[in-house]
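For reference, the structure is listed below as structure tokens.
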Amino acid sequence: MTAQLTITQPDDLHLHVRQGDALANVITDTARQFSRAIIMPNLITPVTQVHQAQAYRQEILDALPDDTSFHPLMTLYLTDQTSAQTIYEAKEAGIIHGLKLYPAGATTHSDAGVTRIKRIWPALEAMQTLGIPLLIHGEVTDPSVDIFDREKVFIETVLEPLLADFPALKIVLEHITTRDAVDFILQAPGHVVATLTAHHLLLNRNALFKGGIRPHLYCLPVLKRETHRQALVSAAVSGNPKFFLGTDSAPHAQHAKESACGCAGMYTAYHAMELYAEVFDEAGALDKLEDFSSTFGAKFYGLPKNTTHLTLTRKDWEIPAHLPYGKEGKDRLIPFRAGEICHWKADARS
Ligand code: DOR
Ligand code: ZN
């Protein structure tokens with residue numbers, strides 16, 4: 001039984017870090033385990049322009065302790081107004097690694113998202129030409145579609161036609177949750193890939209209702225049934241470079257989660273690699289963890305392989321019940337599986 005594993009420093013290819021005090025609270029957790037992260041642009045004022053991404057990147061760097069080596073990889077938020085010109089500016093700036101498509105209303109801070117894919121046609125043409133990836137929150141927003149079917153219906157009604165119209169566009173279908181998404185990615189061309197979160201690999205939808213309603217396990221896309229979780233695990237451990245790590249760690253204050261209308265998102269950045277190690281260990285595939293975490297995503301984004309390393313050790317430790325959050329740490333952030341035992345420990349943890 002493997003007791004210790006040293007891997008190339010991983011990258012988180014899908015991450016939310018917010019701004020201000022919250023940013024300062026969470027960014028060190030990610031920087032402790034990851035070398036780089038693709039930073040989501042769904043701030044209260046969405047990051048739609050290059051100058052906003054430049055300012056946000058600086059804000060992230062300023063929030064890091066001086067001795068930390070961590071590289072935020074910025075993205076822009078697509079709206080109905082995003083022009084081809086903005087895409088050319090993004091390429092020119094050199095710090096933009098993807099454009100995020102939120103169907104309007106699909107999730108947290110997505111109201112300014114895209115209402116109809118046709119409206120971003122010129123932007124998509126420019127992205128295809130320049131080789132800039134499209135990062136997709138793949139759920140339809142039609143309220144008449146069952147929430148558990150929204151990813152599947154998105155693939156059928158939006159993504160398949162999109163691929164036909166833009167056959168060379170690089171696409172990341174983010175945080176996939178269904179067997180349908182796995183099957184879609186498997187049959188798609190090599191430049192159409194997917195990220196997988198730790199929480200969708202670890203839990204099925206029963207967890208949401210275990211002994212009562214569990215607001216900290218609510219995220220979007222919502223957890224699915226066990227057969228889907230198993231398909232995700234098979235994809236993650238398959239060694240297929242089309243599936244790689246993206247935590248979708250999404251912090252919200254405790255009071256915003258434990259509410260009559262709780263926010264979507266789980267906070268996994270604190271112990272992300274330890275959670276993924278549990279998944280791969282359980283599947284008897286620890287030898288596949290490094291490529292999934294440190295190779296495939298970097299290759300897709302055209303990034304050099306990291307030269308630093310992370311060591312994971314089989315060791316039980318208790319996940320804190322809560323973490324400081326917000327102004328002077330007065331709010332609380334409840335990490336995923338708070339108060340429970342984690343079976344792997346990263347060397348970066350004190
Ligand atoms: O659960 C989620 N939280 N899903 C998303 O798509 C957005 C994220 C957030 O920003 O809170
Ligand atoms: Zn996300």
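The values are calculated or read from the model by the stated rules, or taken from the named source; none is laboratory data. Note that the coordinates shown come from a computational prediction; the quantities given were computed from them, not determined experimentally. Positions of Cβ are backbone-derived with ideal geometry, glycine not excepted, and every protein chain shown enters the neighbour counts. These accessible areas exclude ligands, DNA and RNA; they are computed on the full protein's heavy atoms, side chains included. Shrake-Rupley method; radii C 1.70, N 1.55, O 1.52, S 1.80 Å.
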Quiz item: Hey, does the stretch 128-145 have a residue that's over 16 Å from the mean Cα position of the chain (by Cα), within 16 Å of ligand 2 (Cβ to nearest atom) and open to solvent by less than 40 Å² (accessible area, probe 1.4 Å)?
Solution: no
Exercise. Would you mind stating whether Gly265 is open to solvent by less than 50 Å² (accessible area, probe 1.4 Å) and not in a helix (DSSP H, G or I)?
Key: yes
Exercise. Count, please, the residues in the stretch 200-229 that happen to be out of contact with any His (no Cβ under 8 Å at 6 or more places or on another chain), in a helix (DSSP H, G or I) and either in contact (Cβ under 8 Å) with a residue 40 or more places away in the chain or acidic (Asp, Glu) (or both).
Key: 8
Exercise. Within the stretch 228-252, track down each residue that is open to solvent by 10 Å² or more (accessible area, probe 1.4 Å), more than 16 Å from ligand 2 (Cβ to nearest atom) and not small (Gly, Ala, Ser).
Key: His228, Arg229, Gln230, Val233, Val237, Asn240, Pro241, Lys242
Quiz prompt | Residue that is nearest to ligand 2 (Cβ to nearest atom) [pool: residues in the stretch 63-80 that are part of a loop (DSSP other than H, G, I, E, B) and in contact (Cβ under 8 Å) with a residue 12 or more places away in the chain] | solution = Leu78
Exercise. State all residues of the stretch 222-266 that are within 16 Å of ligand 1 (Cβ to nearest atom) and of a type in the set (Asp, Glu); if no residue qualifies, say none.
Key: Asp248, Glu258
Quiz item: Within the stretch 87-113, how many residues are modelled with pLDDT of 95 or more and not aliphatic (A, V, I, L, M)?
Solution: 11
Quiz prompt | Residues satisfying the stated conditions in the stretch 63-86, i.e. under 22 Å from the mean Cα position of the chain (by Cα) and modelled with pLDDT of 95 or more | solution = Ala63, Leu64, Phe70, His71, Pro72, Leu73, Met74, Thr75, Leu76, Tyr77, Leu78, Thr79
Quiz prompt | Criterion: surrounded by 19 or more Cβ atoms within 10 Å (Cβ to Cβ), more than 15 Å from ligand 2 (Cβ to nearest atom), aliphatic (A, V, I, L, M) and farther than 23 Å from Gly329 by Cα - qualifying residue of Ala55, Ala90, Ala3 | solution = Ala90
Quiz item: Can you name the residue in the stretch 1-14 that is within 15 Å of ligand 1 (Cβ to nearest atom) and more than 14 Å from Leu275 (Cβ to Cβ) and is also farthest from the chain's Cα centre (by Cα) among such residues?
Solution: Leu13
Quiz item: Before we move on, is Leu173 within 16 Å of ligand 2 (Cβ to nearest atom) and open to solvent by less than 10 Å² (accessible area, probe 1.4 Å)?
Solution: yes
